[in-house]
Every structure is written in C-alpha cells, then in structure tokens.
Amino acid sequence: MTAQAIVIIGATGDLAQRMLYPSLYFLDSEGLLPPEFRIIGGARSNLTDDDFIARVEASVHDRAEGYFNPQVWERYRRRLGYCVVDAEHPATFHNLATVLGGAREVIFYLSTSPNLYDAISGNLREAELAKADSRVIVEKPIGRDLQSCIEINDALARTFAEREIFRIDHYLGKETVQNLIALRFANTLFEPLWNKVSVEHVQITVGETVGVEGRWGYYNEYGALRDMVQNHVLQLLCLVAMEPPASLDPDSVRNEKVKVLRSLRPIVGRDVEKKTVRGQYRAGVADGASVAGYLDETGGGASDTETFVAVQVNVDNWRWAGVPFYLRTGKRLPSKSSQIVIQFRDVPHSIFAGDDMMANRLTIRLQPEEEIALTLMNKTPSLDGMELRPVALNLSLTDAFRVEAPRRRIAYERLLLEAIKNNQTLFVRRDEAEAAWTWIDAIEAGWSHYGVKPSPYAAGSWGPSGAFALTERNGHSWYE
Ligand code: BG6
C-alpha cells in the first residue's frame with residue numbers, strides 16, 4: 001500500500017524545484033517518508049547524481065530557510081538519484097527500470113507539459129515500469145477545454161487505470177480546505193442551516209497580488225477562468241455545496257463533488273454578459289510598489305486574455321435553489337486573500353430599534369491567515385438602551401492549536417503523502433475534471449460569440465466596476 005519510490009519526470013523544472021523537493025524534504029523531516037523510500041529525478045539533461053543532489057540541496061535550502069536541518073538532509077540526500085529520461089528515447093526508460101531495480105509501488109510524477117503524457121506513459125508501459133501497483137501524478141492544466149482534457153485523460157488511460165491516476169489540484173492540499181470538510185461534517189451546528197432556507201448567498205474569492213510573472217506564454221493562452229476557476233475555485237465551491245458524503249473514502253467524496261459540478265447552471269446565451277465579468281489589469285500599485293499593466297508585460301502585443309474574472313453561478317438542486325454563488329479571482333488585486341463567505345439571511349423580524357442589524361456571516365479564510373470567523377450580533381455594553389454591534393467569533397487555527405511560529409506548509413506535502421499512501425480522496429477524478437470543463441467551455445464560447453472583452457482595472461484594485469455591479473444587482477456586496 002505504501003510507495004517505495006517516486007520518479008519525478010521533469011526533474012529540472014520549476015515545479016519540482018520550488019515545490020516537490022522541499023515538500024518531500026519536509027515529509028522526511030517529520031518522519032513521514034517510508035524508511036527505504038527513494039526519490040529519483042528524471043529529465044533530459046545529462047546530470048550526474050551529484051549534480052542532481054546539489055540542485056535539490058539548493059532548492060531545499062531556499063525553501064526551508066530556518067527549518068533546514070543537516071541531519072535530516074543527510075538522510076534525505078541518500079534517497080536521491082538521477083536518471084536521464086527522454087520521452088523521445090524509449091531506451092532511457094529501460095535505464096530508469098535498472099535504476100529502480102525491484103522497487104514496488106513506484107509513483108511517476110509527470111511534471112512536464114501534458115502533450116508529453118502520451119509518449120511518457122507509453123514508454124513506461126513498454127519498459128514494464130507501469131505495473132499493477134504503480135501510480136501516476138499529473139498536474140493541471142488537464143487540458144484547455146473539454147476536448148483537450150478528454151484527450152489527456154485518454155492518453156493516461158491507455159497505460160494507467162483511473163485508480164492509479166492522481167490529478168493534483170493543490171488547493172485540496174491546503175489545511176483550511178481540509179478544515180472546511182471538518183467544519184461541515186464534524187459539527188451538527190451548521191448542517192441544518194447549510195441550505196437555501198438560511199443562506200442568502202455565498203462568495204468565494206481567490207485574490208492574488210502577483211501578476212503573471214514569468215509565465216506570460218502559458219497564462220495568455222489560458223486566462224483566469226481556465227487557470228483558476230476551472231480547478232481551484234470550482235473545487236472550493238464543490239466542498240461548500242456538496243452533500244455529506246457517506247464516508248471519507250475517495251469515491252464517496254468525489255461522487256458528491258461531481259454531482260455539484262453537474263448541477264451548476266450552464267451560463268449560456270446573453271447570460272454570459274450578465275453573469276460574468278472579465279477584467280485585465282493596467283498599471284497600478286501592488287504590494288506598495290508601482291507595477292506595469294498586463295499588456296506592458298506582453299512584449300508589446302495586444303491581448304484579450306482576462307486576468308480577473310467574476311461569475312455568478314447557481315447550483316440547481318434542492319439544497320441551493322435560488323442561492324447565488326459569487327466567484328471571483330484575479331491577479332494584481334489589493335491582497336493575497338482567499339476566502340469563502342457564507343452569508344446567512346436576515347432575521348425575519350427585528351425587535352430592535354435602528355437599522356444596525358447585520359445578518360450572520362461565516363468566513364472561512366484560507367490565505368493569508370487560516371481562520372474561521374462567525375459574525376454575530378451583540379449588545380454593546382452600556383446601562384442605557386440597547387445598541388447592537390456585529391462581533392466576530394474568531395477561530396484562529398494558529399492560536400487554537402498553539403503552534404509557535406508555525407512553518408507555512410506547502411500544499412504539496414499533504415498531497416504527496418496521500419499519494420504515497422495510495423489515497424485518492426484529495427485528487428480530482430476524471431469525471432470531475434471533465435464536468436468542470438463542460439461548464440467552463442460554455443462561458444468561453446459565450447465570450448467569444450458575443451465578443452465579451454476584458455474591462456481594464458488598475459493593478460491594486462478589486463477588479464473592474466462590473467464586478468461590483470454583479471453582486472449589487474441582487475442587493476449584495478463583496479466582502480474584502
Ligand atoms: C496556480 C495558478 O494553479 O495557482 C497560478 O496557475 C496561481 O496562476 C496559483 O498563481 C495560486 O496558488 P496559491 O497557492 O499561491 O494560491
């Protein structure tokens with residue numbers, strides 16, 4: 001059941017350096033890697049084991065900073081090895097087989113472009129590396145639309161069974177995202193209220209202050225809807241909206257998520273103009289510094305790619321009929337903050353004078369701090385009169401668990417650990433990825449059909465004015 005090795009194909013790439021080696025190192029430092037577990041890098045570059053180890057050391061140092069421990073490193077470095085692996089040269093996969101020896105339950109992490117998946121998995125099969133007990137991890141983007149997603153999934157399915165395919169959405173590895181499941185299903189308090197009777201609307205915001213950085217080539221082909229909403233934001237929506245699963249086993253959870261995705265009301269026809277907002281940042285201020293606009297980063301080219309998107313979506317089922325879910329995400333927003341807000345309904349009748357009443361609100365904050373806050377109406381302390389004020393009942397996860405100067409975990413740590421343990425609960429199943437694309441494709445088609453172009457917004461603002469109109473039209477407003 002527990003893997004004996006991981007092979008990272010694309011071992012010299014950015015993801016491997018920034019996330020995978022440090023994450024595996026932290027797992028090792030917490031004693032969570034099996035004793036004989038090996039980490040093999042595979043890429044086209046002609047590196048020796050020592051070259052590879054030096055690179056890994058640099059990336060671990062970089063990330064671990066004050067948490068670097070020479071003793072752990074000594075243990076970790078002995079797990080490392082390198083093998084030249086080239087999708088176009090099947091013989092290199094036979095070499096890989098030699099390096100792996102008789103290792104069982106090997107995980108192949110394809111940290112490469114998806115258009116290499118077919119060739120790589122074919123080579124793994126040919127070299128008899130893809131055995132009944134091996135598994136494969138792949139990253140987003142799983143396609144750019146439904147059709148390309150199906151092609152990628154088909155390519156993987158030629159070699160691996162669905163129970164061996166681990167599709168990563170790193171948001172599912174975040175602590176608070178996990179906690180959302182605990183909050184909903186380990187407490188009786190919220191469940192009776194978690195529906196259209198008590199909930200007025202739901203907001204999901206994933207804000208970033210960064211721009212597209214060095215990824216313009218990729219990003220310009222995708223845009224915020226495909227890059228963030230198709231995966232991370234819809235996954236959050238699923239966890240908020242899904243029915244209680246029968247258990248935490250992978251299929252129970254994923255069956256419920258896919259039902260949500262299939263209940264999303266398609267945004268078709270002219271609704272695309274009313275229910276979606278596209279934006280593109282212009283020059284402005286982010287994190288206190290002047291920053292260039294998106295088009296200035298293109299190398300002079302024009303672009304209709306959105307760097308911001310807001311959508312009003314309806315989940316057409318009994319639980320959520322008539323409850324708007326507002327989703328928004330963007331680059332160069334005022335803060336890196338991700339949160340889910342459950343806005344409860346107003347009291348049906350107020351017995352208090354004045355208009356200070358505010359309906360209860362549950363905020364689940366993923367970033368920057370992990371926090372859950374419930375806003376309740378309270379009386380302000382005084383002898384005379386009855387003045388009310390909303391007060392937040394705050395649960396700071398850091399304070400609650402008395403973690404001193406907690407190390408910010410990398411979401412990949414949990415995901416790699418789950419893959420090592422062969423548990424697919426936190427990974428996206430094929431039908432989920434495809435259902436999400438079906439819904440996204442309709443919006444993309446509408447934008448193109450009706451010529452919906454992104455509206456400009458200043459870097460450091462919360463998107464174009466249309467995003468505010470989207471909620472205000474229904475008498476709601478975004479919470480920052
Ligand atoms: C990635 C997107 O999947 O998630 C990036 O491709 C984005 O564009 C990133 O910046 C955000 O992740 P996080 O964990 O920093 O919120």
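The table below lists the values:
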| quantity | calculated |
| --- | --- |
| Check on residue 480, under 30 Å from residue 167 (Cβ atoms) and of a type outside the set (S, T, N, Q) | no |
| Residue ID - most open to solvent (accessible area, probe 1.4 Å), chosen from residues in the range 293-317 that are among the small types (Gly, Ala, Ser) and over 12 Å from residue 331 (Cβ atoms) | 302 |
| Residue in the range 350-358 that is among the hydrophobic types (A, V, I, L, M, F, W, C), within 16 Å of the ligand (Cβ to nearest atom) and farther than 16 Å from residue 197 by Cβ present | no |
| Verdict on residue 110 being crowded, with 18+ Cβ neighbours inside 10 Å and within 22 Å of residue 19 (Cβ to Cβ) | yes |
| Which numbered condition residue 129 fails, given (1) more than 16 Å from the ligand (Cβ to nearest atom); (2) of a type outside the set (Gly, Ala, Ser); (3) within 25 Å of residue 173 (Cβ to Cβ); (4) not in a helix (DSSP H, G or I) | (3) |
| Enumeration of residues in the range 30-46 that are modelled with pLDDT of 95 or more and either in a helix (DSSP H, G or I) or more than 15 Å from residue 416 (Cβ to Cβ) (or both) | 42, 43, 44, 45, 46 |
| Residue 233 being within 16 Å of the ligand (Cβ to nearest atom) and either in contact with a His (Cβ under 9 Å, 6 or more places away or on another chain) or open to solvent by less than 50 Å² (accessible area, probe 1.4 Å) (or both) | yes |
| The range 182-220, subset within 16 Å of the ligand (Cβ to nearest atom) and assigned to a loop (DSSP other than H, G, I, E, B), residue surrounded by the fewest Cβ atoms within 10 Å (Cβ to Cβ) | 210 |
| Residue in the range 239-256 that is buried (at least 19 other Cβ atoms within 10 Å of the Cβ), of a type in the set (A, V, I, L, M), within 16 Å of the ligand (Cβ to nearest atom) and over 30 Å from residue 359 (Cα atoms) present | no |
| Of all residues making up the range 318-330, the number that are basic (Lys, Arg) and either open to solvent by 10 Å² or more (accessible area, probe 1.4 Å) or modelled with pLDDT under 95 (or both) | 1 |
| Subset of the range 27-38 [open to solvent by less than 10 Å² (accessible area, probe 1.4 Å) and over 13 Å from residue 73 (Cα atoms)] | 37 |
| Residue match in the range 365-374 (condition: open to solvent by less than 60 Å² (accessible area, probe 1.4 Å), under 29 Å from residue 455 (Cα atoms) and either touching a Phe, Trp or Tyr at 6+ places or on another chain (Cβ under 6 Å) or at pLDDT 85 or above (or both)) | yes |
| Number of the condition not met by residue 164 [criteria: (1) away from the ligand (no atom under 16 Å from the Cβ); (2) farther than 28 Å from residue 245 by Cβ] | (2) |
| Residue check, residue 284 open to solvent by less than 30 Å² (accessible area, probe 1.4 Å), among the small types (Gly, Ala, Ser) and either out of contact with any helix residue (DSSP H, G or I) (no Cβ under 7 Å at 6 or more places or on another chain) or within 30 Å of residue 425 (Cβ to Cβ) (or both) | yes |
| Some residue of the range 259-267 being in a loop (DSSP other than H, G, I, E, B), away from the ligand (no atom under 16 Å from the Cβ), within 16 Å of residue 314 (Cα to Cα) and β-branched (Val, Ile, Thr) | yes |
| Residues that are in contact with a Lys or Arg (Cβ under 7 Å, 6 or more places away or on another chain) and under 15 Å from residue 59 (Cα atoms), drawn from the range 29-42 | 39 |
| Unique match (being within 16 Å of the ligand (Cβ to nearest atom) and β-branched (Val, Ile, Thr)) among 99, 138 | 138 |
| Residues that are farther than 20 Å from residue 425 by Cα and either surrounded by 18 or more Cβ atoms within 10 Å (Cβ to Cβ) or of a type in the set (A, V, I, L, M, F, W, C) (or both), drawn from the range 140-175 | 143, 144, 146, 149, 150, 152, 155, 159 |
| Test: residue in the range 378-400 that is under 19 Å from residue 235 (Cβ atoms) and part of a strand (DSSP E or B) | no |
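The values are calculated or read from the model by the stated rules, or taken from the named source; none is laboratory data. Since we're looking at a predicted model, the values are computed, not measured. All Cβ positions, even for glycine, are placed from backbone atoms using ideal geometry, and neighbour counts span all protein chains on display. When the accessible area is computed, the model is the full protein with side chains, heavy atoms only, and any ligands, DNA or RNA have been set aside. Shrake-Rupley method; radii C 1.70, N 1.55, O 1.52, S 1.80 Å.
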